[in-house]
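Data first, discussion second: the structure below is written as structure tokens.
The values are calculated or read from the model by the stated rules, or taken from the named source; none is laboratory data. Keep in mind that what you see is a predicted model, and the values were worked out from it rather than measured. Counting neighbours? That spans all protein chains shown, and the Cβs are built from the backbone with ideal geometry, glycine included. Side chains included, ligands, DNA and RNA excluded: accessible areas come from the protein's heavy atoms. Shrake-Rupley method; radii C 1.70, N 1.55, O 1.52, S 1.80 Å.
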Amino acid sequence: MTRPHVLLSVATSIDGYIDDASPERLHLSDAADFDRVDQVRADSDAILIGAQTLRSDNPRLLVGSAERRAARLAAGKPEYPLKVTVSASGELDPELRFWHHGGGKLVYTTAAGAAKLTTRLSGLADVVDLGTELDFGALLDDLGRRGVDRLMVEGGTRIHTAFLAADLADELHLAVAPILVGDVAAPRFLDPADFPGAPHRRMRLAGVTQVGDVAVLRYLPKADRI
């Protein structure tokens, strides 16, 4: 069985925040970087977002470019990548925009969460029970069985932390915006965790690109073992 290539995608402020503490979403990327992210989405077989981000941002999580969607269809792919979310509690509102736009949807949850979601999301998404707790390795195994070769992970903090702490990320796109947030109540890119090899293990910097006023750093987290 082949697990998908896992690409983590995140935009942060210079001081490491992914949002501020206000009710409105802080847009860290500019138009050029949003377009870059749209291309990465179009190149992916599936896009994953955590339940907390789903509830707070209520995104549609789509490929916006009609040309890119047409190119996917011409290549024999679905118009939109599979949309994936993860929720241990199963507390997901069926009215969220995520369920009502794009193509296939998939939810990974626990046995307790599945008891709530199987009926609640009937006709909206497939629900996968991972057992007593969330196992991200098992999640990747299941996506591999479904033919997902490339998974884009768009956060939020808990999800990115879980993938990196479990050593499951193959690639990281870190877009650094020329903004300072400085609010202790604001969310950061990562939570404290027992990261493999930290603090001595170094990722490989595979590229640096200027996109508008944003610096995009491409890192390979497992490069020290190649």
Among the residues listed as D38, D33, the single one being modelled with pLDDT of 95 or more, of a type in the set (D, E, K, R), outside any strand (DSSP E or B) and in contact with a strand residue (DSSP E or B) (Cβ under 7 Å, 6 or more places away or on another chain): D33
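Going residue by residue through the range 181-200, is there one that turns out to be within 21 Å of R3 (Cα to Cα) and of a type outside the set (A, V, I, L, M, F, W, C)?
Taking the range 181-200 as the starting set, the residues that turn out to be within 21 Å of R3 (Cα to Cα) are 195-196.
Next, only the ones that are of a type outside the set (A, V, I, L, M, F, W, C) stay: 196.
Within the range 181-200, one or more residues are within 21 Å of R3 (Cα to Cα) and of a type outside the set (A, V, I, L, M, F, W, C).
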Among the candidates E79, E67, residue that is surrounded by fewer than 17 Cβ atoms within 10 Å (Cβ to Cβ), out of contact with any strand residue (DSSP E or B) (no Cβ under 8 Å at 6 or more places or on another chain) and part of a loop (DSSP other than H, G, I, E, B): E79
Sole exception among (1) farther than 23 Å from V211 by Cβ; (2) surrounded by fewer than 16 Cβ atoms within 10 Å (Cβ to Cβ) for R3, by number: (2)
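Output the residues belonging to the range 191-218 that are outside any strand (DSSP E or B) and in contact (Cβ under 8 Å) with a residue 24 or more places away in the chain.
Applying the first criterion (outside any strand (DSSP E or B)) to the range 191-218 yields 191-203, 212-213.
Of everything in the range 191-218, those that are outside any strand (DSSP E or B) and in contact (Cβ under 8 Å) with a residue 24 or more places away in the chain turn out to be D191, A193, D194, F195, P196, G197, M203, G212, D213.
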Members of the range 94-124 found to be assigned to a loop (DSSP other than H, G, I, E, B), within 16 Å of P59 (Cα to Cα) and either modelled with pLDDT under 95 or open to solvent by less than 80 Å² (accessible area, probe 1.4 Å) (or both), listed by number: P94, L96, H101, G102, G103, G104, L124
Candidate set: the range 40-56, residues that are in contact with a Ser or Thr (Cβ under 8 Å, 6 or more places away or on another chain) and over 12 Å from V86 (Cβ atoms); chosen: the one surrounded by the fewest Cβ atoms within 10 Å (Cβ to Cβ): V40
Inter-residue pairs, beta-carbon under 6 Å, first in contact (Cβ under 8 Å) with a residue 12 or more places away in the chain and part of a loop (DSSP other than H, G, I, E, B) and in the range 159-177, second hydrophobic (A, V, I, L, M, F, W, C) and open to solvent by less than 20 Å² (accessible area, probe 1.4 Å), 6+ apart: L168/V6; A169/V6; A169/L8; A169/F163; D170/V6; A177/L28; A177/V214
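Here is a check on your reading of the model: is D149 charged (D, E, K, R) and in contact with a His (Cβ under 8 Å, 6 or more places away or on another chain)?
Details: charged (D, E, K, R): yes; in contact with a His (Cβ under 8 Å, 6 or more places away or on another chain): yes.
In short, yes.
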Residues that are open to solvent by less than 70 Å² (accessible area, probe 1.4 Å) and under 20 Å from the mean Cα position of the chain (by Cα), drawn from the range 173-195: H173, L174, A175, V176, A177, A186, P187, F189, L190, D191, A193, F195
Count of residues meeting criterion [closer than 29 Å to E95 by Cβ and of a type in the set (S, T, N, Q)] in the range 3-51: 4
